[in-house]
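This report concerns only the one structure given below.
Please treat every number below as a calculation from the coordinates, not as lab data. Please read all numbers here as calculations on a predicted model, not as lab measurements. Cβ placement follows ideal geometry from the backbone for every residue including glycine, while neighbour counts extend to all protein chains displayed.
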Amino acid sequence: MNKSELIEALSAETGFNKKDIATVLDVLRQKIITALSAGERVQWAKFGTFTLARRGARKGINPQTKEPMDLPEVLVPRFKAGKSLRGVLNTDSK
């Protein structure tokens, strides 16, 4: 499901117009980015937690030239699914 399909589904289920839903999704995305940029974690009950993690500096290979290169330390976003979400995804359907 992409963003426009999500907007369509939310509009159909809630009756809100697509423009308002798109605005809310954009503000939600920006608020998550702002919080992570400030070093905060974002917890969404029954869904999951967004955090930042450090990926240390490491050696890599340039795929075009095959030459070794140094990759710097970077911050990467992480998402850990909440217990309710994991439970829904891991129901035994046998």
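Counting only residues that are hydrophobic (A, V, I, L, M, F, W, C) and part of a helix (DSSP H, G or I), which one in region 81-94 is surrounded by the most Cβ atoms within 10 Å (Cβ to Cβ)?
Within region 81-94, the subset hydrophobic (A, V, I, L, M, F, W, C) is 81, 85, 88-89.
Checking the rest, the ones that are also part of a helix (DSSP H, G or I) come to 85, 88-89.
Details: 85: 14, 88: 11, 89: 8.
By that ranking, first place goes to 85.
On the given criteria, is residue 35 touching a strand residue (DSSP E or B) at 6+ places or on another chain (Cβ under 6 Å), surrounded by 10 or more Cβ atoms within 10 Å (Cβ to Cβ) and small (Gly, Ala, Ser)?
Considered against the rule, which asks whether it is touching a strand residue (DSSP E or B) at 6+ places or on another chain (Cβ under 6 Å), surrounded by 10 or more Cβ atoms within 10 Å (Cβ to Cβ) and small (Gly, Ala, Ser), residue 35 comes out as yes.
Can you confirm whether residue 54 is under 30 Å from residue 90 (Cα atoms), surrounded by 11 or more Cβ atoms within 10 Å (Cβ to Cβ), of a type outside the set (Ser, Thr, Tyr) and free of Cβ contacts under 8 Å to residues at least 40 places away in the same chain?
Details: under 30 Å from residue 90 (Cα atoms): yes; surrounded by 11 or more Cβ atoms within 10 Å (Cβ to Cβ): no; of a type outside the set (Ser, Thr, Tyr): yes; free of Cβ contacts under 8 Å to residues at least 40 places away in the same chain: yes.
In short, no.
Is there any pair linking a residue in region 1-14 that is closer than 11 Å to residue 25 by Cα to one that is among the basic types (Lys, Arg) and not in a loop (DSSP other than H, G, I, E, B), with Cβ under 8 Å and at least six apart or on different chains, and which?
Correct list of pairs: 7/18.
Which residues, counting only those in region 57-75, are free of Cβ contacts under 8 Å to residues at least 12 places away in the same chain, at negative phi and in a loop (DSSP other than H, G, I, E, B)? Steps first, answer last, please.
First, the residues of region 57-75 that are free of Cβ contacts under 8 Å to residues at least 12 places away in the same chain: 60-69.
Then drop every residue that is not at negative phi, which leaves 60-65, 67-69.
Scanning region 57-75 gives 62, 63, 64, 65, 67.
On the given criteria, is residue 78 of a type in the set (D, E, K, R), loosely packed, with under 10 Cβ neighbours inside 10 Å, touching a Leu at 6+ places or on another chain (Cβ under 8 Å) and assigned to a strand (DSSP E or B)?
no
Within region 39-52, identify whether any single residue is assigned to a loop (DSSP other than H, G, I, E, B) and over 22 Å from residue 82 (Cα atoms), and answer yes or no. Outline the logic, then answer.
Initial filter on region 39-52 (assigned to a loop (DSSP other than H, G, I, E, B)): 39-41, 45-47.
Those left that are additionally over 22 Å from residue 82 (Cα atoms): none.
No, every residue in region 39-52 fails to be assigned to a loop (DSSP other than H, G, I, E, B) and over 22 Å from residue 82 (Cα atoms).
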